[in-house]
Amino acid sequence: MPFASTEEKVLAHVPRDVVLTVTTTEARGLEPTVDLAVRLGKNGYAAAPHLAARLVRDRAELDEIAARLLESGVDRLFVVGGDAAEPAGEFPDAESLLIALAEGGHDFSHIGIAGYPEGHGTIPDSVISEALRRKTVHANEIVTQLCFNPATTIGWAGRLHDSGITTPVRVGIPGSVNRQKLIRVSAGLGLGQSARFLAKQSAMFWRFFLPSGYRPDKLVTGLTDQITSPGNAISGFHLFTFNDLAGTERWRQARLAELA
C-alpha cells in the first residue's frame, strides 16, 4: 500500500526479482499509487500499480496515467473496478477501463485482473462470471481475492477452466502478518474504506488475531499440488503483505529453504 514508509521497506526487505503490485486506496486516490510504482521501477523493481476504474475521471486522465507509466518503464498493470460508491467519471467497472486502454493503444506487457472464488458480496455470481469472461480478453493473469478454503479456490479454478477460461490464475494469499500490522494498515486506509474492507473480509480479519498472528502455511500446502494441474490454470501465488514486508519476506525465504 502506498504509505510514506513503503518505499523504504521495499528497498530494505524485498529482493529485486520479486514482482510487486501497489494498491490504490480510495482515501488517497490514484496519484500515490502511480508515484510509488514509478519510484520502485527506478529502483529496479517490476511494479504493477492498481488502477481502480471508478477513480479515473475520463480517457484523458487514463491516457495521461498510462503515458506516464510507460515512459517511466512501468509496463505492468492490475486493473480493478474499485469500491468507490460512485464512479468519478466514465469508468464504472474494470472492463470499461480495459477497453479504453486497448482502444488507446497503450502497450502494457502484462495486465492482471481480479477473480472471486467466494463471490463478490454485492454483485451476483452470474454477473461476476460473465464480466470475468469478457475481461480475460484483455488480461494476462487473474489474481484471486483472499479465500481461506483451498477446496473452494480449486473448485472455482476448475470451473473456470472447464468453461474455456484458461488465463493463468495466481492465488491471492495473505503474507505472514501480525495483528498490530493489520490494525495500523486498517487505520491508514481511512475510516470509510477500512469499514468496507473489514465488512467484506471479516473472516480473514479475525484469523489475524491469533496469538502469534497469521501464517499462510496451510493455504500454501493445500494448493501447491494444484499448480500446473491439467484441471485448472492455477500458476502460483500472490502474497498480500498488508505492508508487513519484512515478516512476509522472512516467511517466504523460510518456505523456499524448506523446499530446497
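The values are calculated or read from the model by the stated rules, or taken from the named source; none is laboratory data. Quick caveat: nothing in here was measured; it's all calculated off a predicted structure. We place every Cβ from the backbone using ideal geometry, glycine too, and count neighbours over all the protein chains shown. For the accessible areas, the whole protein counts, side chains as well, though only heavy atoms, and no ligand, DNA or RNA atoms are used. Shrake-Rupley method; radii C 1.70, N 1.55, O 1.52, S 1.80 Å.
Here are the numbers:
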{"quantity": "Selection from segment 151-173 of residues that are polar (S, T, N, Q) and either farther than 20 Å from K218 by Cβ or open to solvent by 10 Å² or more (accessible area, probe 1.4 Å) (or both)", "calculated": "T152, S163, T166, T167"}
{"quantity": "Some residue of segment 23-33 being among the polar types (S, T, N, Q) and in a strand (DSSP E or B)", "calculated": "yes"}
{"quantity": "Some residue of segment 61-83 being assigned to a helix (DSSP H, G or I), more than 24 Å from A46 (Cβ to Cβ) and among the basic types (K, R)", "calculated": "no"}
{"quantity": "Residue list for segment 220-256, filter: in contact with a Gly (Cβ under 8 Å, 6 or more places away or on another chain), assigned to a loop (DSSP other than H, G, I, E, B) and either aliphatic (A, V, I, L, M) or free of Cβ contacts under 8 Å to residues at least 24 places away in the same chain (or both)", "calculated": "I227"}
{"quantity": "Test set (1) in a loop (DSSP other than H, G, I, E, B); (2) under 25 Å from P168 (Cα atoms); (3) over 17 Å from the mean Cα position of the chain (by Cα) - M1 fails condition number", "calculated": "(3)"}
{"quantity": "So A48, is it open to solvent by 40 Å² or more (accessible area, probe 1.4 Å) and either assigned to a strand (DSSP E or B) or at pLDDT below 95 (or both)", "calculated": "no"}
{"quantity": "When residues of segment 81-121 are limited to those that are closer than 21 Å to A27 by Cα and touching a Ser or Thr at 6+ places or on another chain (Cβ under 8 Å), the one surrounded by the most Cβ atoms within 10 Å (Cβ to Cβ)", "calculated": "G82"}
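One line per residue, one yes/no per condition, for (1) touching a helix residue (DSSP H, G or I) at 6+ places or on another chain (Cβ under 9 Å); (2) farther than 25 Å from L132 by Cβ; (3) touching a residue at least 60 places away in the same chain (Cβ under 8 Å); (4) basic (K, R):
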residue: A12; (1), (2), (3), (4): yes, yes, yes, no
residue: A46; (1), (2), (3), (4): yes, no, no, no
residue: H50; (1), (2), (3), (4): yes, no, no, no
residue: S72; (1), (2), (3), (4): yes, yes, no, no
residue: E86; (1), (2), (3), (4): yes, no, no, no
residue: S96; (1), (2), (3), (4): yes, no, no, no
